[in-house]
Every structure is written in structure tokens, then in C-alpha cells.
Amino acid sequence: MNNRMEYLKNLLKKLLGIRNRSINRKEGVFRAIVFTIGYILSPLTWWNDVFVNIPVAYVISTIISFLLGEEYFKIMFPFAYFLTNILGLYLMHIGVTGVRRGTSMKNLLYHLAIALGYTILIYILALYGIISPFL
């Protein structure tokens, strides 16, 4: 019975692509912190826009408009807001998958594509009413 359970467990790991890679406590704490920061910035929370993303986007766009000119504020505010959401999803992804030393540009672009894919998925779910407000 125990061999059968071990066989099923290993088969499931192979099918899901799970590797037997244990993480030490320090890396686990780091990944948990990165994931939590990402969750706070991500569009998956209902309160993050009012308390986190809009103020951060406002500060970023104000600084850029101060440096480059006031006309850049209207362009940078929605762009900075979008970037905070993408950054949140990216940090959540890094928190789950981890970061390897010597990360290449190809790997970084891969992770950014994953975060963009999450954003597009959330947009489509909201567009078709699968995700909707409480009220």
C-alpha cells in the first residue's frame, strides 16, 4: 500500500512538473515576503487601489512630471498605476517560483510575460462578468 501511494505521488509530481527541490528557511522567508509584497500591489485585492497603487502611481507620476514637465503627469499616472499592478503580479510569481542566481534577460522576459498573461486573464474575466463587484 505504501509503495502504491509513493508511486502515485511521484507520478503526480512528474505530470505536474514538480521537482524535488527543497528550499531552506531563509529562502522560504524571502519568498514569502516577496509574495506578500506582490499580493499587496497586485490587482487581486479589493483594497489595494485606494490605499497602495493609486498613491504610489501618484507619487511616481508627480516626480516624473516635476522632472520632465507637468504635461507628462496625465500620461504617467495611468502608466505608473498599470506598472504597480504588473509589478505585484510579477512579485507574486517570483515568490512562488523563486529567483535563481545568474538570472538571464530571457528568464526575466519570461517572468514578465507570465505577469502580463495574468493581467490579460484578469481583464478578460472582468470583461465577461466572471469577476464582478459585490454590489
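Please work out the FRET efficiency for the pair L112 and N10, using the Cβ-Cβ distance as r and a Förster radius of 35 Å; give the result to the nearest 0.05.
So, using R0 = 35 Å, E works out to roughly 0.60.
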Taking T84, T97, T62 and counting other beta carbon atoms within 10 angstrom, the fewest-first order is T97, T62, T84
Grab the Cα-Cα distance for R25 and T45, subtract it from 0.36 nm times how many residues apart they are, and report the gain in nm with one decimal. 4.5 nm
What number does the stretch 24-127 give for Rg over Rh if you use C-alpha atoms and the Kirkwood radius? 1.03
If unit charges are put on Cβ atoms (+1 for Lys and Arg, -1 for Asp and Glu) and the dipole of the stretch 24-127 is taken about its Cα centre, the option from F30, L67, L83 lying farthest towards the positive end turns out to be F30
Cα→Cβ-extended label distance, 7 Å offset, between I33 and I75, nm: 3.6 nm
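To the nearest 20 debye, what charge dipole does the stretch 24-127 have about its Cα centre, counting +1 at the Cβ of each Lys and Arg and -1 at the Cβ of each Asp and Glu? Mind showing how you got there, number by number?
Details: 7 positive and 4 negative charges, 125 e Å.
That gives a dipole near 600 debye.
The numbers here are math on the coordinates, done by the rules we state, and not lab data. Keep in mind the model is a prediction, meaning the values are calculated, not measured. Every residue, glycine among them, receives a Cβ derived from its backbone with ideal geometry; neighbour counts consider all protein chains shown.
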